[in-house]
Amino acid sequence: MSKKLALFLSLFGLTSVIIALPKMEAASNELNAVEPTIDRSMDCTTVTDVPYEECEALVAFYYSTSGKNWDNKKGWLNKKKVCDWDGVGCSDGHVLALYLPDNSLGGSIPPELGNLSKLEELYLYNNLGLRGSIPTELGNLTELNTLWLYGNRLSGSISPELGNLNNLEELCLHNNELSGSIPTELGNLSNLEDLNLSNNKLSGSIPTELSNLTKLYELNLSNNNLKGSIPSELGNLNELKVLNLSNNELRGSIPTELGGLTDLYDLDLSDNRLRGSISTELGNLNNLHYLSLSYNELAGSIPTELGNLNNLEKLDLFSNELTGSIPTDLGNLTNLRYLDLSSNELTGSIPSELGNLSHLKFLYLSWNKLTGSISSELGDLSKLEDLYLDENQLRES
């Protein structure tokens, strides 16, 4: 992304000169009274730096998104060179980028935007006044590699036509009000690296077709209303570093195939209705730093194999139905900062090996059935900030 943003800065640096143009009072008053659907002061036939259709598309976009209320609109409809308009990036006689985040856009995205046939980057994020649906016509932008529409109030379903964007690398639609199911067509985006649909109102199941996205490094579907099971096919996403499916209504067991995602850095399956045991294969995730399985219905014992996760910084198994003793192998997790095993049905004593966790700051073991004395080795945890052992049957050593 840094290269893309650098391109923007270099492009925008060419538009830093303010050109004073004569004002036409009558025309100005007319525009302030009622915004026309077609701008009478902007004649796209006189534009020479981009094709007529691209100019018309941007004019339509300006009016559809309440352009007169934008925070930054320098040059829009005033300069005859479209490439001098604030947020418009051009090259080789075409509009390649539209960058208008945090700009008080309102209204809706017009279908005419689909006429920007050479567009590669579209950034319209964090405009809370931007509502309506995502136009199906955006599926015509086959050169697009980045689509960031997050942090708006977009509603309706995700258009299956977005599956036509074969060059797309980043699709970020999170923090909107999108509903309906995740289109199976998104599985056609063979170049996709980042798919973030979190914090919407999406329903239905997770399409198995997403397993075709073999270049994906982040898949975030959290905070939706997704149901069904976690597809075992997600174990095919060998490049995946972040998998967040938290706060849905997913059921079934944790697929053992997830243990093959050896590049995984962050795995969050919390706040679902997952059952069964914790897969021992998760102990193969040597690059894992964060593992959160809290607020599920997981049963059985804590796998000793989790003690192999040498890079783990957070292990959160809070509020499940886990039984058995706390594995002494957890004492091998010397990078651990956060350990929460509370609100389960764990028995036995607190392993003295937990005293080896020299970086531990938070230790929560409350609301279990632990017995025996409190290990004196816990006193060696010099960085510990929070220690909760209540609602057990422990005694002082």
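In the range 334-397, which strands (runs of 3 or more DSSP E) lie fully inside it and hold 1 or more residues that are farther than 23 Å from residue 295 by Cα?
369-373, 393-395
Given the conditions (1) in a loop (DSSP other than H, G, I, E, B); (2) touching a Pro at 6+ places or on another chain (Cβ under 6 Å), which single one is not true for residue 175?
Of the numbered conditions (1) in a loop (DSSP other than H, G, I, E, B); (2) touching a Pro at 6+ places or on another chain (Cβ under 6 Å), the odd one out for residue 175 is (2).
If residue 133 satisfies every condition in (1) touching a residue at least 40 places away in the same chain (Cβ under 8 Å); (2) under 19 Å from residue 111 (Cα atoms); (3) not in a strand (DSSP E or B) but one, which is the exception?
The number of the failed condition is (1).
Conditions (1) open to solvent by less than 10 Å² (accessible area, probe 1.4 Å); (2) of a type in the set (Asp, Glu); (3) within 17 Å of residue 238 (Cα to Cα), marked per residue:
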{"site": "259", "(1), (2), (3)": "yes, no, yes"}
{"site": "263", "(1), (2), (3)": "no, yes, yes"}
{"site": "269", "(1), (2), (3)": "yes, no, no"}
{"site": "280", "(1), (2), (3)": "no, no, no"}
{"site": "283", "(1), (2), (3)": "yes, no, yes"}
{"site": "286", "(1), (2), (3)": "no, no, yes"}
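Just need a number here: residues in the range 109-124 that are crowded, with 22+ Cβ neighbours inside 10 Å and either touching a Gly at 6+ places or on another chain (Cβ under 7 Å) or among the small types (Gly, Ala, Ser) (or both).
Residues meeting the conditions: 1.
Only one of these conditions is not met by residue 179: (1) touching a Lys or Arg at 6+ places or on another chain (Cβ under 9 Å); (2) more than 29 Å from residue 263 (Cα to Cα); (3) open to solvent by 60 Å² or more (accessible area, probe 1.4 Å). Which number is it?
(3)
Tell me which residues, restricted to the range 326-357, are open to solvent by 20 Å² or more (accessible area, probe 1.4 Å) and over 16 Å from residue 314 (Cβ atoms). Spell out the reasoning first.
Of the range 326-357, the ones open to solvent by 20 Å² or more (accessible area, probe 1.4 Å) are 328-329, 332, 334-335, 337-338, 343, 345, 347-349, 352-353, 356.
Correct list: 328, 329, 343, 345, 347, 348, 349, 352, 353, 356.
For (1) within 24 Å of the chain's Cα centre (by Cα); (2) over 25 Å from residue 186 (Cα atoms); (3) hydrophobic (A, V, I, L, M, F, W, C), each residue gets a yes or a no:
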| position | (1), (2), (3) |
| --- | --- |
| 64 | no, yes, no |
| 83 | no, yes, yes |
| 94 | no, yes, no |
| 97 | yes, no, yes |
| 102 | yes, yes, no |
| 105 | yes, yes, yes |
| 121 | yes, no, no |
| 138 | yes, no, yes |
| 144 | yes, no, yes |
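Is there any pair with a first residue in the range 305-318 that is closer than 18 Å to residue 345 by Cβ and part of a loop (DSSP other than H, G, I, E, B) and a second that is aliphatic (A, V, I, L, M) and at pLDDT 95 or above whose Cβ atoms are under 7 Å apart and which are 6 or more apart or on different chains, and what are they?
317/293; 317/302; 317/341
The values are calculated or read from the model by the stated rules, or taken from the named source; none is laboratory data. Every value quoted in this text rests on a predicted model; they were computed, and no experiment measured them. So basically every Cβ, Gly included, is an ideal-geometry build from the backbone, and we count neighbours across all protein chains shown. Accessible surface areas use protein heavy atoms only, side chains included; no ligands, DNA or RNA. Shrake-Rupley method; radii C 1.70, N 1.55, O 1.52, S 1.80 Å.
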